[in-house]
Amino acid sequence: MKKILFLCGILAIIGCKKDKESKKDSQEIVVSDSTGTSEYQGDVMLEFKVLDSKYIENDVLWAPFEIELYKVTEKKYDSLKSIILEKSVTELQSAIAKEELTYEELTLFYLYRMRKLDRENELSLNSVIAINPDVLTEARLKDRNYKNTENKSPIYGIPVLLKDNINTATMPTTAGAVALQGNTTPNAFIANQLESSGAIILGKANLSEWAYFFCKGCPSGYSAVGGQTLNPYGRRFFDTGGSSSGSGVAVAANFAPLAVGSETSGSILSPSSQNSLVGLKPTIGLLSRTGIVPISSTLDTPGPMTKTVMDNAILLSAMAGRDTSDAKVFSDSIKVTTDYYSALSDTTSLRGVRLGVIKELTEDSLYSRAINDLKKVGAQIVEFEAEDIDLPNFLRLLNLDMKKDLPAYLKRYGKRVDVRSVEDIMAFNVEDSVQRAPYGQGLFEGIVKDTASAEEFQAIKDTLKTRGKRFFNIPMKEYDLDGVLSINNYHAGFAAVAEYPAITVPMGYDDIGEPKGLTFISIPYSEQNLLRWAYAYEQESQQRKPPKDYSK
């Protein structure tokens, strides 16, 4: 596993999931039952310094909805479960078209469910940081305008959670950090795109603080503002994955039908695979990063996290749009679509598609089963030995980017906060490190210490990109491959620096019940192909199961 897990050795800080052997000296020693928590027979529990948020008060969080939620009875909530729980966007829209459901009822259901389960109880997951105070007003408006709105997007009226590093006008954007609690901003570009498509911003999801580029050795899913996010498939036993932890957990637990995450290296793929979801890390620049708290302007991208591939395509389409203020925006010569869902159908075949299988991964029984499922839908499978390529100075790339990118974000958007640099944030945290930085801030310390000339920094980026592309391009060229198959986020670092897109799809649960994902990786702007391959595999395999304690 040396080549496969190289990045896990140096980048566990950004959500890289280790294999079973390498878990032995980490906090990711976990045991649980097949698809939930209630029948757990093991005796190894993840240890956390902090579990519940010291900065979120439930009464304050739910105060804007007190009257409306008071009117929702348990009987009404139970009656809606069969219509809403585990349903796709298409199924929800069908129920609304049949007048079995309204957008207001849909939104109230998620609010009621979040209040009931997400915090301060034996099943709490701490997945949501904030709720849009205007969400019910917006849902009612969608109901009123429903019959008079022509050419409605598939996402019209559907609630969406955003990772709390994505700017929203109705809620502060904290990145999970106490220093940004007062960070009120205009919408990010993708938030505007979602609203223009008719989506409703439901709230903000918890995350690994500063998108998991803050503390060394800290658990994924922890932020000072949001507390410790927990995995519904093995609460306190399975890692949530990071850094889009709350986005993954909330969708898996049916607190929202859709969520948006962000990835630098593995931060969508990791929590999606850990929570048995579909997660897409797009080509860098396909979706706008404007108005998103950064780690790296070189590698960052938002992306959709959903229960199904079709939902993923719908959410991706709703966020799509060319943002000329983003330095990574695709050029006019590149043709991209804003409709990724229409091409997906039950007759989708992979006949003629050549997919590369990494020989070292075939020891994994779920991976081998997934390969057989792909063969059933026509894929040609080619086994190869992965290139022995390392990625030097990956950590330095992140250090040097964040050192300039975060102050630029704070200068543009942080008008209502007092910090302007990494050093300012560290000084603020030291004032009350027990509450603000219980796991320390070791990665921020590394950012401050790191320096490079412009020429040296460019050389680091060029080397990483060249090597990342070589990792995929050598076998793809030699074997005439359309894409490469991986597991979870094992090769997220290579895809990141190559700027290649990747999608992970549930491929089952291991012998202790931990979810795993089959990950497809291909060349830039191949999202439509990735979605088509993932859809065909999903329809054939049907591996996703809801977490037991959150499916009723």
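The values are calculated or read from the model by the stated rules, or taken from the named source; none is laboratory data. Predicted model, so just to flag it, every value in this text is computed and none were measured. Backbone-built Cβ (ideal geometry, glycine too); neighbour counts: all protein chains shown.
Close Cβ contacts (under 6 Å, 6 or more residues apart or on different chains) running from residues in the range 174-199 that are free of Cβ contacts under 8 Å to residues at least 60 places away in the same chain and more than 12 Å from D164 (Cα to Cα) to residues that are of a type in the set (K, R) and surrounded by fewer than 20 Cβ atoms within 10 Å (Cβ to Cβ) are absent.
Within the range 90-107, the set of residues being out of contact with any Leu (no Cβ under 7 Å at 6 or more places or on another chain) and in contact (Cβ under 8 Å) with a residue 24 or more places away in the chain comprises T90, Q93, I96, T102, Y103.
Residues in the range 55-93 that are under 18 Å from V160 (Cβ atoms) and either of a type in the set (V, I, T) or part of a helix (DSSP H, G or I) (or both): F65, I84, V89, T90, E91, L92, Q93. Criterion applied to T174, T90, T170, T73 was being under 25 Å from G303 (Cα atoms), surrounded by fewer than 16 Cβ atoms within 10 Å (Cβ to Cβ) and not small (G, A, S), and the one residue passing it is T90.
The set of residues in the range 493-526 being within 24 Å of G285 (Cα to Cα) and out of contact with any strand residue (DSSP E or B) (no Cβ under 7 Å at 6 or more places or on another chain) consists of G493, F494, A496, V497, A498, E499, I523, P524, Y525, S526. Only one of the numbered conditions (1) closer than 30 Å to V293 by Cβ; (2) loosely packed, with under 14 Cβ neighbours inside 10 Å is violated by D388, and that is (1). Across the range 529-545, the qualifying residues are those that are of a type in the set (S, T, N, Q) and part of a loop (DSSP other than H, G, I, E, B), and the one among them that is surrounded by the most Cβ atoms within 10 Å (Cβ to Cβ) is Q543. Residue count for the range 498-519 under the criterion of being among the hydroxyl-bearing types (S, T, Y) and more than 17 Å from M476 (Cα to Cα): the result is 2.
As for the range 323-331, it holds at least one residue that is among the charged types (D, E, K, R), within 30 Å of I447 (Cα to Cα) and in contact with a Phe, Trp or Tyr (Cβ under 6 Å, 6 or more places away or on another chain). Elements of the type strands (runs of 3 or more DSSP E) sitting completely within the range 478-528 and holding at least 1 residues that are at pLDDT 95 or above, more than 23 Å from Q542 (Cβ to Cβ) and not hydroxyl-bearing (S, T, Y): these cover 483-487.
Summed over the range 367-383, residues that are assigned to a helix (DSSP H, G or I), closer than 22 Å to F472 by Cα and not polar (S, T, N, Q) total 5.
For the range 117-129, the tally of residues that are assigned to a strand (DSSP E or B) and either surrounded by fewer than 23 Cβ atoms within 10 Å (Cβ to Cβ) or touching a Phe, Trp or Tyr at 6+ places or on another chain (Cβ under 8 Å) (or both) stands at 1. Identify the single condition in (1) under 26 Å from the mean Cα position of the chain (by Cα); (2) more than 18 Å from F494 (Cα to Cα); (3) of a type outside the set (S, T, N, Q) that R467 does not satisfy, given that it satisfies every other one. Exception for R467: condition (2). Among the helices (runs of 4 or more DSSP H) confined to the range 208-296, the ones with at least 1 residues that are touching a Phe, Trp or Tyr at 6+ places or on another chain (Cβ under 8 Å), among the hydrophobic types (A, V, I, L, M, F, W, C) and within 27 Å of K81 (Cα to Cα) are located at 245-252. Within the range 94-153, how many residues turn out to be of a type in the set (S, T, Y) and more than 15 Å from G198 (Cα to Cα)? Summing the residues that are of a type in the set (S, T, Y) and more than 15 Å from G198 (Cα to Cα) in the range 94-153 gives 5.
Residues that are over 12 Å from L61 (Cβ atoms) and in contact (Cβ under 8 Å) with a residue 24 or more places away in the chain within the range 127-148 comprise S127, D134, V135, L136, E138, A139, R140, K142, D143, Y146, listed in sequence order. Restricting attention to the range 403-435, the residues that are in contact with a helix residue (DSSP H, G or I) (Cβ under 7 Å, 6 or more places away or on another chain) and farther than 21 Å from P172 by Cα add up to 2. Just one residue in the set A224, A205 is modelled with pLDDT of 95 or more, in contact with a Gly (Cβ under 6 Å, 6 or more places away or on another chain) and crowded, with 24+ Cβ neighbours inside 10 Å; that residue is A205.
Okay, residues lined up against (1) touching an Asp or Glu at 6+ places or on another chain (Cβ under 9 Å); (2) without any contact (Cβ under 8 Å) to a residue 40 or more places away in the chain; (3) among the polar types (S, T, N, Q); (4) under 24 Å from Y537 (Cβ atoms):
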| position | (1), (2), (3), (4) |
| --- | --- |
| F238 | yes, no, no, yes |
| G241 | no, no, no, yes |
| A250 | yes, no, no, no |
| L258 | yes, no, no, yes |
| N275 | no, no, yes, yes |
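With the condition kept exactly as written, say whether any residue in the range 34-47 is at pLDDT below 90 and either touching a Cys at 6+ places or on another chain (Cβ under 8 Å) or not in a loop (DSSP other than H, G, I, E, B) (or both). No, the conditions are met nowhere in the range 34-47. The residues in the range 152-173 that are in a loop (DSSP other than H, G, I, E, B) and in contact (Cβ under 8 Å) with a residue 40 or more places away in the chain can be counted, and the count is 13.
Looking only at the range 184-191, decide whether some residue is within 16 Å of the chain's Cα centre (by Cα) and either more than 18 Å from S296 (Cβ to Cβ) or part of a strand (DSSP E or B) (or both). Scanning the range 184-191, I find at least one residue that is within 16 Å of the chain's Cα centre (by Cα) and either more than 18 Å from S296 (Cβ to Cβ) or part of a strand (DSSP E or B) (or both), so the answer is yes.
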